[in-house]
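Here is the structure we will look at, set down as structure tokens.
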Amino acid sequence: MKKAGVSSILIAVILLVLGVIAEAQQPKKVPRIGYLSSGDPASESARSEGVRLALRELGYIEGQNVAFEYRYAERKQDRSPELTAELVRLKVDIIVVAGGSGWVQAVKNTTKTIPIVMVGVGGDPVKAGLVESLARPGGNVTGVTLLTRELGGKRLELFKEAVPKLARVAVFYDPANQNSIAEVKEVLPPVAGALGLTLRSWEVRNADGFERVFVALNKERPDGLYVPPGGPLIFANVKRVANFALKSRLPSMYNIREAIDAGGLMYYGADLADSYRRVAYYVDRILKGAKPADLPVEQPTKFELVINLKTAKQIGLTIPQSMLYRADKVIK
């Protein structure tokens, strides 16, 4: 009886050990992150790299214990349903949406269950119907908003400070973009009045419309050009706008960071690098079991003023030294 008891215990121990070994040998599930960008790989690479580096600091290493599925719409809004459907079919654990509210809404329309982390939304996500409130999103969407439209007044003030002789300002906007309309019609006029500025807004409905406006501006010769948030149309043509302003020796202010690298004069807005790094926090919390409904949407805490001094010299503009001291980055 004693031998039988010992044998039973020995068999039980062996089975337990074998079970532990088998479990250890089974590959662990690697979480998959869908990354949907409204842009293209070239323009998005620096931002997505910031997300990867921030995740690495939290212990997530791409190719080892986390995988990414990248999809780029290249500014074509109609591709969002198709690309989102691909990510849903791949059964990703989270979808990071790097684009405006329209892109987030398209993903939200496709899936009500996969957590969505947004970054790049310039307007109010509550007004856009993406979340119930910033503190309690309530659905499967959370993330970071950039406050693009709300910064319009500050952007105009900085423009006037950098170009003291500024009096007449041309403003481009896409009438199909709600953020663009709200900034041009509601945010900018009272600030312009207080600064003694006259605004002249120009609608641009398609890519061909830019040349028409360029011709008109060459005749009117305003003192500056202001480019508000304009969605895919403005973003896709921002290099053309910056090039026109440079050739026309026209000071220009943008809410699109890429415009400065293309020769634009000034950018003011949320620190995009900081906002994209913050995406890693949401990914980490969700992978550890948190629900998007319970993770508050964050507003930016760091902002960036960039001045292209090289452009200023090319258009014959002297930027006050006080402005250069305040700039977070000066391109020489």
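The values are calculated or read from the model by the stated rules, or taken from the named source; none is laboratory data. Model, not experiment: these values are computed from the prediction. No Cβ is skipped: glycine too gets one built from the backbone with ideal geometry, and neighbour counts run over all protein chains shown. The accessibility values were calculated without ligands, DNA or RNA, using every heavy atom of the protein model including side chains. Shrake-Rupley method; radii C 1.70, N 1.55, O 1.52, S 1.80 Å.
Structure notes:
- Remark on residue 201: its backbone amide H falls under 5 Å from those of 171, a criterion applied only to residues 5 or more positions apart or on other chains, H modelled at 1.01 Å from N.
- Shape of region 162-319, Cα gyration tensor, a/c cut at 1.5: prolate
- Derived scalar couplings ³J(HN,Hα) [region 120-133; Karplus, 6.51 cos²θ - 1.76 cosθ + 1.60; whole Hz; x for Gly, Pro]: x, 6, x, x, 7, x, 6, 4, 6, x, 7, 9, 6, 7
- Solvent-accessible surface of the chain, taken per residue with a 1.4 Å probe and all protein chains present: 48 Å².
- Shape of region 75-187 from the C-alpha gyration tensor: prolate (a/c of 1.5 or more and a/b above b/c, with a ≥ b ≥ c the square roots of its eigenvalues).
- Counted residue by residue at 0.36 nm each, then reduced by the alpha carbon distance between them, the extension gain from residue 167 to residue 314 reaches 50.9 nm.
- A cut-off under 11 angstrom between Cβ atoms defines the neighbours of residue 332, and their net charge, with Lys, Arg +1 and Asp, Glu -1, is +3.
- Out-of-range pairs (alpha-carbon distance over 29 Å; input 185/239; 112/239; 160/310; 239/313): 112/239
- Helix runs (DSSP H) in the chain reaching 30 Å along axis by Cα, Kyte-Doolittle at least -0.5: 2-25
- Tensor-based shape of region 146-217 (alpha-carbon gyration tensor, a/c under 1.5 rounded, otherwise prolate or oblate): oblate
- Computed extension gain for residue 218 through residue 113, at 0.36 nm per residue and net of the alpha carbon distance, reaches 32.6 nm.
- Computed over the chain, the per-residue total of -39500 (n - 2.57) for DSSP H runs of n ≥ 4 gives a 222 nm mean residue ellipticity of -13000 deg cm²/dmol, rounded to 500.
- Against the set (1) 106, 38, 32; (2) 89, 39, 30; (3) 65, 38, 36, the structure's computed Cα extents along the principal axes in Å falls on (1).
- The portion of the accessible surface of the chain made up by carbon and sulfur, rounded to a whole percent, is 55 (1.4 Å probe; DNA, RNA and ligands excluded).
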